[in-house]
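Everything below concerns the one structure shown next.
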Amino acid sequence: MAQFTITGEIDPFLHVSLKRGEKIYCESNAMVMMEQTLELKGKMTGGLGGALMRRFANGESFFQQHIEATQGDGDCLLSPTLPGAIEILDVGSNSYMITDGAFVAAESGVNLNVRTQRLGSALFGQTGGFFICEASGLGKLAVSGFGSSFALDVEPGKDIIIDNAHVVAWDSRLHHEISVATQSGGFLGQIVNSVTSGEGMVLKFSGQGKVIICSRNRENFASWLLKLIPGNG
């Protein structure tokens with residue numbers, strides 16, 4: 001199997017070592033460096049339908065980069081879209097749901113499939129709209145978030161609540177539901193309290209599994225990027 005390691009502490013690279021015949025795929029423009037024993041191709045993973053669905057679900061590029069060790073063993077360096085940490089997950093007995101823009105790379109044995117979400121999650125969760133990507137199969141999966149990352153373990157009877165803009169990925173076995181951060185008062189009062197507290201919508205996870213979170217709010221990052229465009233400052 002391909003070896004995934006993280007190189008660097010601030011805005012790290014994903015270092016992938018491949019044996020002859022092994023292959024990975026990654027988000028478009030993720031490749032920074034590769035040895036000449038490797039071959040790079042742009043492909044529509046899963047065909048036209050799969051590429052279109054992932055484009056709508058996670059905002060991914062239509063074509064993904066496929067890297068294969070065709071002429072011998074070789075290494076490559078990949079860089080995520082978001083300026084932040086990278087987490088490496090083992091897909092096998094566990095599959096993972098991935099939020100918008102979090103996918104970095106995966107071994108060829110990992111499949112990215114599009115799943116539908118409940119209406120509440122689609123409208124308020126900001127986790128991919130009505131569709132969201134699920135990584136299943138067998139192999140390594142790399143995801144990234146804005147800022148530092150941390151893995152939380154959810155246990156039965158110990159539900160956790162996370163601001164939805166800080167969620168990167170989660171174990172698909174977990175149950176999640178959308179709510180506002182403040183629970184006191186009626187529905188209108190909860191909405192008002194949530195807005196005035198600055199927390200907005202949150203995700204409540206229950207069951208048993210892992211949730212990957214990031215330290216920075218991805219919505220604030222998007223607003224910061226817009227300010228860099230002339231006329232939006």
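The values are calculated or read from the model by the stated rules, or taken from the named source; none is laboratory data. Note that the coordinates shown come from a computational prediction; the quantities given were computed from them, not determined experimentally. We place every Cβ from the backbone using ideal geometry, glycine too, and count neighbours over all the protein chains shown.
Residue by residue through region 13-42, note down the ones that are surrounded by fewer than 18 Cβ atoms within 10 Å (Cβ to Cβ) and outside any strand (DSSP E or B).
Listed by number, the residues that qualify are LYS19, ARG20, GLY21, SER28, ASN29, GLU35, GLN36, THR37.
Scan (1) at pLDDT 85 or above; (2) surrounded by 21 or more Cβ atoms within 10 Å (Cβ to Cβ) for the single condition GLU60 breaks and write down its number.
The failed condition is (1).
Where residues in region 70-86 are of a type outside the set (S, T, N, Q), more than 14 Å from the chain's Cα centre (by Cα) and surrounded by fewer than 24 Cβ atoms within 10 Å (Cβ to Cβ), which of them is nearest to THR99 (Cα to Cα)?
LEU77
Would you mind stating whether ALA142 is assigned to a helix (DSSP H, G or I), at negative phi, out of contact with any His (no Cβ under 9 Å at 6 or more places or on another chain) and modelled with pLDDT of 80 or more?
For ALA142, the condition - assigned to a helix (DSSP H, G or I), at negative phi, out of contact with any His (no Cβ under 9 Å at 6 or more places or on another chain) and modelled with pLDDT of 80 or more - is not met.
Looking only at region 103-119, how many residues end up being modelled with pLDDT under 90 and part of a loop (DSSP other than H, G, I, E, B)?
Here the count works out to 2.
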